[in-house]
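Undergrad: This structure is in structure tokens; I'll ask about it shortly.
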Amino acid sequence: MPVTSDIVATYRGPGRVVRRLLSLGEREDRALIFVMGFCVVAFIAQLPSLARRAHFEGLELNALMGASLFGTVFILPLFFYLLAFVSYGVARLFGARGTSYGARLALFWALLSSTPVLLLHGLVAGFIGSGLALKIVGAVWFFVFLWFWISGLRQAQRQTE
């Protein structure tokens, strides 16, 4: 299935999509593409907000974009690998039988599949700015991400090693 079809399917049943992705076998390149894809889209989602900030505060847009690119595309994936490792350890403490790859895949897929809402958040931040609308969209993104991650992690940790 194409990634876009899998993203749409995730909104109907995140556990089923993660189960299907796990059935394709352990491929670290696939997990890396998922997390890097999220990071690139997260960078793109920040651009309207960065342009707004540069305009209103008189800052250099290129400097803002460079710092944002470095943080989201080079540093953030390392944080997500660490978060996946911690979530795997916590799952093991509660008796989960899955693999660390399954924990990484569940987290990275949850991030990637929540990007449509993240892009909406970026547009609201850029065109409307901070306020109630931005907080609502941010909360929606956070809860969608958590739903996808917890559902995917539960499915991944049911799998045997």
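The values are calculated or read from the model by the stated rules, or taken from the named source; none is laboratory data. Since we're looking at a predicted model, the values are computed, not measured. As a convention, Cβ positions derive from the backbone with ideal geometry for all residues, glycine included, and neighbour counts pool all protein chains shown. Quick note on the areas: whole protein, heavy atoms, side chains included, nothing else; ligands and nucleic acids left out. Shrake-Rupley method; radii C 1.70, N 1.55, O 1.52, S 1.80 Å.
Undergrad: Answer yes or no: is there a residue in region 82-95 that is in contact (Cβ under 8 Å) with a residue 60 or more places away in the chain, open to solvent by 80 Å² or more (accessible area, probe 1.4 Å) and in contact with a Ser or Thr (Cβ under 9 Å, 6 or more places away or on another chain).
TA: no
Undergrad: Got a sec? Which of 113, 130 is in contact with an Asp or Glu (Cβ under 9 Å, 6 or more places away or on another chain) and among the hydroxyl-bearing types (Ser, Thr, Tyr)?
TA: Details: 130 fails: in contact with an Asp or Glu (Cβ under 9 Å, 6 or more places away or on another chain).
Result of the check over 113, 130: 113.
Undergrad: Separate question: Under 20 Å from residue 148 (Cβ atoms), modelled with pLDDT under 95 and either assigned to a helix (DSSP H, G or I) or charged (D, E, K, R) (or both): is that true of residue 15 in this structure?
TA: yes
Undergrad: Exactly one of (1) of a type outside the set (Gly, Ala, Ser); (2) open to solvent by 20 Å² or more (accessible area, probe 1.4 Å); (3) touching a Cys at 6+ places or on another chain (Cβ under 8 Å) is unmet by residue 77. Its number?
TA: Every condition holds for residue 77 apart from (2).
Undergrad: Residue 43 fails exactly one of the following numbered conditions: (1) in contact (Cβ under 8 Å) with a residue 60 or more places away in the chain; (2) aromatic (Phe, Trp, Tyr); (3) open to solvent by less than 70 Å² (accessible area, probe 1.4 Å). What is the number of that condition?
TA: Unmet condition: (1).
Undergrad: Right, something else. Which of the residues that make up region 8-35 are hydrophobic (A, V, I, L, M, F, W, C) and surrounded by 16 or more Cβ atoms within 10 Å (Cβ to Cβ)?
TA: 17, 18, 21, 22, 31, 34, 35
Undergrad: Moving to a separate point now. Having 3 or more residues that are under 11 Å from the mean Cα position of the chain (by Cα) and closer than 17 Å to residue 47 by Cα is the bar; report the helices (runs of 4 or more DSSP H) wholly within region 59-161 that clear it.
TA: Those helices (runs of 4 or more DSSP H) span 115-127.
Undergrad: Of the residues that make up region 111-127, is at least one hydrophobic (A, V, I, L, M, F, W, C), modelled with pLDDT of 95 or more and under 14 Å from residue 32 (Cα atoms)?
TA: Yes: one or more hits.
Listed here are the residues, each with its yes/no results for (1) out of contact with any helix residue (DSSP H, G or I) (no Cβ under 6 Å at 6 or more places or on another chain); (2) farther than 23 Å from residue 65 by Cα.
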| site | (1), (2) |
| --- | --- |
| 100 | no, yes |
| 113 | no, yes |
| 118 | no, no |
| 126 | no, no |
| 139 | yes, yes |
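Undergrad: Hey, among the residues in region 123-161 that are of a type in the set (Gly, Ala, Ser) and crowded, with 22+ Cβ neighbours inside 10 Å, which one's farthest from residue 15 (Cα to Cα)?
TA: Among them, the one singled out is 125.
Undergrad: Suppose the filter is at pLDDT below 95 and in a helix (DSSP H, G or I); does residue 37 pass it?
TA: no
Undergrad: For region 96-117, enumerate the residues that are open to solvent by 50 Å² or more (accessible area, probe 1.4 Å) and under 18 Å from residue 141 (Cβ atoms).
TA: The answer is 116, and nothing else.
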